[in-house]
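Scroll down for the structure; my scribbles are underneath it.
Where a number appears in this text, it was derived from the coordinates with a stated rule and is not lab data. These numbers come from a predicted model, not from an experiment. Here the Cβ positions follow ideal geometry from the backbone for every residue, glycine too, while neighbour counts run over all protein chains shown.
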Amino acid sequence: MLWNSPLGEPHSDELLEHMKLSVTTSIVDLGCGWGELLLRAVARTGAKGTGVDTDNLALDRGKRAAQKKDVNVDFIRQSAADWQGTRDRAICIGSSHTLGGSRATLQRLAEIVPKGRVLVGDTFWEQQPTDVAREIHGDDIPMLIDLVTMCRETGWEILNLTTADQREWDSFESSHRAGLRQWIIENPESPKAQEIREHLDERERGYIMDYRGLLGFAYLVLGR
């Protein structure tokens with residue numbers, strides 16, 4: 001699994017281009033996971049990177065990748081909500097829940113980047129959700145126009161807006177199950193194989209039937 005959000009290679013390159021990074025830029029990734037996008041940003045520009053997350057396994061993966069790529073990224077084990085500081089740029093993809101929701105995230109990012117650009121990745125409903133979809137993902141996901149309005153109301157200019165396409169979504173969802181699917185292939189006689197298969201089948205069916213094409217993911221490059 002390369003990305004921890006529905007994203008592909010060309011799309012990620014485009015997003016980093018819009019961030020306008022340089023060797024003198026400082027950038028923080030809040031809720032970075034293993035920091036794939038942050039590592040790429042630093043590797044291509046020499047920017048000074050900081051990744052913040054609470055997942056030890058993800059942070060360890062990020063540190064190993066940084067060492068392998070020979071890039072200077074400081075990975076910090078801390079809640080994104082507790083991190084203090086300012087930067088020239090910030091990334092927050094799929095982590096708005098850790099900062100109190102979409103609007104609170106945009107407000108917090110304005111404090112971290114008082115003058116500069118941020119990349120926000122957040123879910124939205126492509127159309128009015130079903131009760132089942134709401135039950136799975138919660139009631140605080142906005143429609144895209146509402147997310148855009150929040151950006152403007154919190155003082156941000158929208159410099160670039162793109163959304164994950166269906167192929168990115170399908171690849172992202174499949175990658176969550178791929179490791180265990182391969183394990184079943186390699187261990188067909190295991191007494192746990194059928195139980196794991198049923199669990200994966202249920203998750204796959206839930207995606208296809210309940211929110212595929214309904215739940216969207218927006219990437220917004222914002223400036224102030």
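What are the ³J(HN,Hα) couplings of region 94-102, residue after residue, when phi is run through the Karplus curve with 6.51, -1.76, 1.60 and θ = phi - 60°? Round to Hz, x for glycine and proline.
Going residue by residue, I get x, 10, 4, 5, 6, 10, x, x, 4 Hz, with x marking Gly and Pro.
Please return the longest stretch of the chain lacking exposed loop sites, where GluC sites (Glu not before Pro) count only if DSSP places them in a loop and at most 16 other Cβ atoms lie within 10 Å.
1-125
In degrees between 0 and 90, to the nearest 10, how far off the longest principal axis of the chain does helix 193-206 point, with axes built from Cα atoms?
60
Which percent of Cα pairs goes in each bin when the distances of region 1-140 are cut into 10 angstrom slices starting at zero?
Pairs per bin, as whole percents: 12, 42, 35, 10, 2.
From the square roots a ≥ b ≥ c of the eigenvalues of the alpha-carbon gyration tensor of region 168-209, which class results: rounded (a/c under 1.5), prolate (a/b over b/c), or oblate?
On the way: a/c = 4.22, a/b = 1.71, b/c = 2.47.
It is oblate, given that a/c is not under 1.5 and a/b is not larger than b/c.
Of 175, 95, 190, which is the most mobile in a GNM of the chain whose springs link Cα atoms less than 10 angstrom apart?
Most flexible of the set in this elastic network: 190.
As an exercise, take the mean of 1/r over every pair of distinct alpha carbons in region 137-204, invert it, and state the Kirkwood radius in angstroms.
15.5
Can you give the extra length, in nm with one decimal, that the chain gains between residue 212 and residue 56 once fully stretched, where that is 0.36 nm per residue apart less the Cα-Cα distance?
Here the segment from residue 212 to residue 56 would lengthen by 53.1 nm.
Tell me, what ³J(HN,Hα) does each residue in region 66-78 have, in order and in whole Hz, if you take phi through Karplus 6.51 cos²θ - 1.76 cosθ + 1.60 with θ = phi - 60° and put x for Gly and Pro?
5, 5, 5, 7, 6, 10, 9, 10, 9, 8, 10, 8, 6
For region 79-224, what does the relative contact order come out to in percent, with C-alpha contacts under 8 Å and a separation of six or more?
Here the relative contact order equals 36 percent.
Choose one of 49, 123, 91: the residue whose Cα lies farthest towards the positive end of the charge dipole of the chain (beta-carbon charges +1 Lys, Arg; -1 Asp, Glu; about the Cα centre).
49
Specify the residue with the greatest mean-square fluctuation among 78, 128, 194, computed from a Gaussian network of the chain linking alpha-carbon atoms under 10 Å apart.
In this elastic network of the chain, the residue with the biggest mean-square fluctuation among 78, 128, 194 is 194.
With +1 on each Lys and Arg Cβ and -1 on each Asp and Glu Cβ, and nothing else charged, work out how big the dipole of region 168-209 is about its Cα centre, in Debye to the nearest 20.
Numbers: 6 positive and 10 negative charges, 16 e Å.
Dipole of region 168-209, to the nearest 20 debye: 80 debye.
Take the alpha carbon atoms of region 187-224, find their center, do the same for region 65-120, and report the distance between the two centers in whole angstrom.
26
Please give the length that would be gained between residue 200 and residue 146 if that part of the chain were fully extended, namely 0.36 nm times their separation in residues minus their C-alpha to C-alpha distance (nm, one decimal). Before the final figure, lay out the partial values.
Values: separation 54, 0.36 × 54 = 19.44 nm, distance 3.33 nm.
Net length gain for the segment: 16.1 nm.
Rounded to the nearest 20 debye, what is the charge dipole size of the chain about its Cα centre when +1 sits on each Lys and Arg Cβ and -1 on each Asp and Glu Cβ?
Roughly 1000 debye, rounded to the nearest 20.
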